[in-house]
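Visitor: Sharing a structure here in structure tokens format.
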Amino acid sequence: MDIVDVKHNNRKKIYFYIRDQKVATKQKIAYDLNLSLPTVTQNLEYLVQKGMISDEVKEQNRGGGRNPVAYTYISDVMVAVGVEITYHHIKTAIVDLDGNVIKYVHKRQLYERSDRYLQLIGDAVDGIIESGGVDPKKVLGVGIAVSGLIDQKKGLVVYGRIIDNEGMSKEDFSKYVKYPTKLIHDSNAAGFCEIWMSTEHKNAYYVNISNTIGGSVLINNEVYLGDGLYSGEIGHLNLVPDGGVCYCGQKGCADVYCNAEQLSDKTDGDLGLFFIHLKQGDEEVKALWDRYLDYLAVLINDIRMMFGCTIILGGYIGIYIKDYMDDLYERVNRKNSFFEDASKYLVPCRHNVEVVASGAALYFVKDYLDEV
Ligand SMILES: [Zn+2]
């Protein structure tokens, strides 16, 4: 490590120490990080000047005398915006550097491939920044999450049959967005949010069960993109040879049996209503749920056998599955070859409606914190 790296590393250590502790004195930082006082002082001055920490809080000194200056972490010195585009909605979120959602807006808007729609994306971004009372200078960037296979490096939707977005680029989606942007696969955004906000998991597989099924491989707190475009695409694992036709053109994909529409189709597209009927004991709904859980158990066991890590159940199903986990654990355990207990590795998601938009925003937060 050369001298520049050492200096950078020290600054990073100090910043993350204060971030962790929320408040700390210069002496405590020097002691805990084993750094000299001049080094700590110099870095603190830099961070205060950058507005990343504050020196305004004076720590109480009970013994009397001069109060030592305590430095505090400022979580909203910068923020990031995330946009989730679905067939029926434009959802936007603002998150701070701790991943807290400062504001979330859920707007019903039918997707269409048109310039007018791209303008609506720009309006939604401007709207949330204004209504959130955020200074535009604080906005690190805007993560735009869409369905489809995304080449993140090129910023291009390579395959987009769920909504009609195939061939659209990051530049298209950000035509009316005035900030730096990234184009992100929706399941990866959701998975990234779950792993980034988690203190106990570093590796996980995030299953995104909404009206289609996606997933995200999360290794060491980052999304694993693989060498191609298909990392985590478990919706197209074959579950039933020669089974029902999938939107991808193949037969018997997991998506055909486990997507949320398999349930909500029973209640006119209202998934919440499906679970109300289930609680009320509707026999047809119960039978459908029973069959659904069996398919889901196979899929979960397949994922476990491939990755051997924690599995986070998210998407629309993740919102409702919490009350049915014991039943699901039993079904998954029956499929497991090694007598594993699914309650040890299968968890419902923590973050719900805002997860995709927040996760898309967090890509910018991560970049910012990496560069401290
Ligand atoms: Zn398929």
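The values are calculated or read from the model by the stated rules, or taken from the named source; none is laboratory data. Quick caveat: nothing in here was measured; it's all calculated off a predicted structure. Here the Cβ positions follow ideal geometry from the backbone for every residue, glycine too, while neighbour counts run over all protein chains shown.
Visitor: Can you tell me which residue among 92, 86 is assigned by TED's automatic domain parsing to the domain that holds residue 161, hydroxyl-bearing (Ser, Thr, Tyr) and at pLDDT below 95?
Guide: Sole residue among the options that is assigned by TED's automatic domain parsing to the domain that holds residue 161, hydroxyl-bearing (Ser, Thr, Tyr) and at pLDDT below 95: 86.
Visitor: Pick out the one residue from 249, 235, 243, 215 that is within 16 Å of the ligand (Cβ to nearest atom), more than 18 Å from residue 91 (Cβ to Cβ) and assigned to a helix (DSSP H, G or I).
Guide: Going through 249, 235, 243, 215 in turn, the sole match is 235.
Visitor: Please go through region 102-132 and pick out each residue that is of a type in the set (Val, Ile, Thr) and farther than 17 Å from residue 144 by Cβ.
Guide: If the condition is that a residue be of a type in the set (Val, Ile, Thr) and farther than 17 Å from residue 144 by Cβ, then 102 is the only one that fits.
Visitor: Something else: Please go through region 127-170 and pick out each residue that is touching a residue at least 40 places away in the same chain (Cβ under 8 Å), touching a helix residue (DSSP H, G or I) at 6+ places or on another chain (Cβ under 6 Å) and part of a loop (DSSP other than H, G, I, E, B).
Guide: Across region 127-170, the qualifying residue is only 147.
Residue by residue, here is whether (1) assigned by TED's automatic domain parsing to the domain that holds residue 148; (2) over 19 Å from residue 298 (Cα atoms); (3) surrounded by fewer than 18 Cβ atoms within 10 Å (Cβ to Cβ) holds:
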| position | (1), (2), (3) |
| --- | --- |
| 207 | no, no, no |
| 210 | no, no, no |
| 224 | no, yes, yes |
| 227 | no, yes, yes |
| 230 | no, yes, yes |
| 233 | no, no, no |
| 242 | no, no, yes |
| 247 | no, yes, yes |
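Visitor: Related question: Mind listing just one residue for me: the one in region 252-293 that is loosely packed, with under 15 Cβ neighbours inside 10 Å and within 19 Å of residue 332 (Cβ to Cβ) and, of those, farthest from the ligand (Cβ to nearest atom)?
Guide: 290
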